[in-house]
Amino acid sequence: MEKKCQAGLEYIMTYGWALIFIATIVGALSFITSPPLNEQDFQISGQGEFKFAGGKTIGDQMLLTLENNAGRIEITGFKETGYSECTLNEKQPEGQAIENGQGMRIQCTTLDGEQKLEVRYTSQTGQEKNLEIKRTLS
């Protein structure tokens, strides 16, 4: 009985280490092939009101996260240039209310050429404002 348990344990350990090794390699390769985007990759108007919180590209998908520091806002318009099928927090952008400190997770399919997003919003004081996010391609 002990030899069967030992053989089973050796089998599990051998293949367990192999799976951990393979998962580590796949994780490293996915990081290398789609490195994260940084703040220098974008020109963002309203820097005091919106803070870059991260971004990445996977294939033709771009994911950008901004932190709202402008107080409660309501998105009234969203124009995409060089992108298609954009969502904000996994919903259609127009009409969404974003609370102060809440993240704005923008996901788009990238197209060729200039890449720019224009977000129109109403501030908590009722003032209409614009946020422009332009990607600087290197």
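The values are calculated or read from the model by the stated rules, or taken from the named source; none is laboratory data. Everything numeric here is computed off the predicted structure, so don't read it as measured data. All Cβ positions, even for glycine, are placed from backbone atoms using ideal geometry, and neighbour counts span all protein chains on display.
Checking Gln124, Gln96, Gln102, Gln115 one by one, the residue that is more than 17 Å from Leu37 (Cα to Cα), of a type in the set (S, T, N, Q), touching a strand residue (DSSP E or B) at 6+ places or on another chain (Cβ under 8 Å) and surrounded by 16 or more Cβ atoms within 10 Å (Cβ to Cβ) is Gln96 and no other.
Against the numbered list (1) in contact with a strand residue (DSSP E or B) (Cβ under 7 Å, 6 or more places away or on another chain); (2) of a type outside the set (Lys, Arg); (3) surrounded by 13 or more Cβ atoms within 10 Å (Cβ to Cβ), Gly71 comes up short only at (1).
State whether the residues of the stretch 85-94 include one that is free of Cβ contacts under 8 Å to residues at least 60 places away in the same chain, touching a Cys at 6+ places or on another chain (Cβ under 8 Å) and part of a loop (DSSP other than H, G, I, E, B). Don't jump to the end; show me each part of the working.
We begin by selecting, within the stretch 85-94, every residue free of Cβ contacts under 8 Å to residues at least 60 places away in the same chain; these are 85-94.
Going one step further and asking which of them are touching a Cys at 6+ places or on another chain (Cβ under 8 Å), we end up with 85-87, 93.
Filter once more, so that each one left must be part of a loop (DSSP other than H, G, I, E, B): 93.
Scanning the stretch 85-94, I find at least one residue that is free of Cβ contacts under 8 Å to residues at least 60 places away in the same chain, touching a Cys at 6+ places or on another chain (Cβ under 8 Å) and part of a loop (DSSP other than H, G, I, E, B), so the answer is yes.
Pairing residues of the stretch 122-137 that are outside the structural domain of Arg72 (by TED's automatic domain parsing) and more than 23 Å from Tyr83 (Cα to Cα) with residues that are in a loop (DSSP other than H, G, I, E, B) and at pLDDT 90 or above, at Cβ distances under 9 Å and at least 6 apart in sequence or on separate chains, gives no pairs at all.
In this structure, does Glu49 turn out to be assigned by TED's automatic domain parsing to the domain that holds Gln127, out of contact with any strand residue (DSSP E or B) (no Cβ under 6 Å at 6 or more places or on another chain) and on the phi < 0 side of the Ramachandran plot?
On the way: assigned by TED's automatic domain parsing to the domain that holds Gln127: yes; out of contact with any strand residue (DSSP E or B) (no Cβ under 6 Å at 6 or more places or on another chain): yes; on the phi < 0 side of the Ramachandran plot: yes.
For Glu49, the condition - assigned by TED's automatic domain parsing to the domain that holds Gln127, out of contact with any strand residue (DSSP E or B) (no Cβ under 6 Å at 6 or more places or on another chain) and on the phi < 0 side of the Ramachandran plot - is met.
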